[in-house]
Every structure is written in structure tokens, then in C-alpha cells.
1. When only residues in the range 45-62 that are β-branched (Val, Ile, Thr) and surrounded by 13 or more Cβ atoms within 10 Å (Cβ to Cβ) count, which is nearest to residue 8 (Cα to Cα)?
2. In the range 19-31, what residues are in contact (Cβ under 8 Å) with a residue 24 or more places away in the chain and either of a type in the set (Lys, Arg) or within 14 Å of residue 49 (Cα to Cα) (or both)?
3. Inside the range 16-42, can you point out the residues that are surrounded by fewer than 18 Cβ atoms within 10 Å (Cβ to Cβ) and part of a helix (DSSP H, G or I)?
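Values quoted throughout were computed directly from the atomic coordinates according to the rules given, and no laboratory measurement underlies them. The shown structure was predicted, so the numbers you read here are calculated from the model rather than taken from an experiment. Neighbour counts are summed over all protein chains in view; Cβ atoms, including those assigned to glycine, are modelled from backbone coordinates with ideal geometry.
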Amino acid sequence: MRAVVDKDVCIGCGACTGVCPEVFDMDTDGLAVAIEGELQANLEGSALEAQDTCPVSAITVE
């Protein structure tokens, strides 16, 4: 699985970093970014929770 943040949609609320800081961080523009590459199996559940928590659906985990 991989996580992707659509920066055109992200509002920088930080919900994803609160749920899954191992995968998501905030960049210098105040918008979320996801780690690159495949997610570790133990992080998939919290990454999916972050996807569901995003108020503007800017996160895709697939």
C-alpha cells in the first residue's frame, strides 16, 4: 500500500498527522505530505484511518 496526499485539496488541518504521524507530516507550505514508497504492514491500518479522518478527502491509501 501507498499513501498519497492531493495538495490541491489539502487544507492543512493536521488530522492525518494526529492519527498517523509515522506516515504523514506537514510541509513548509503547511500542507500534508505522505512518506514515499510502500507502507510498512503495521502502518496500513492507521494510514487508512487517517484517510477516513481527512475532512476534505485529500488522502488516498491504496
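1. Our first condition is that a residue be β-branched (Val, Ile, Thr); within the range 45-62, this holds for 53, 56, 59-61.
Add one more test, that the residue is surrounded by 13 or more Cβ atoms within 10 Å (Cβ to Cβ), and what stays is 53, 59-61.
On the way: 53: 18, 59: 11, 60: 13, 61: 17 Å.
If we take residues in the range 45-62 being β-branched (Val, Ile, Thr) and surrounded by 13 or more Cβ atoms within 10 Å (Cβ to Cβ), then 59 is nearest to residue 8 (Cα to Cα).
2. Matches in the range 19-31: 19, 20, 22, 23, 24.
3. Result: 17, 18, 41, 42.
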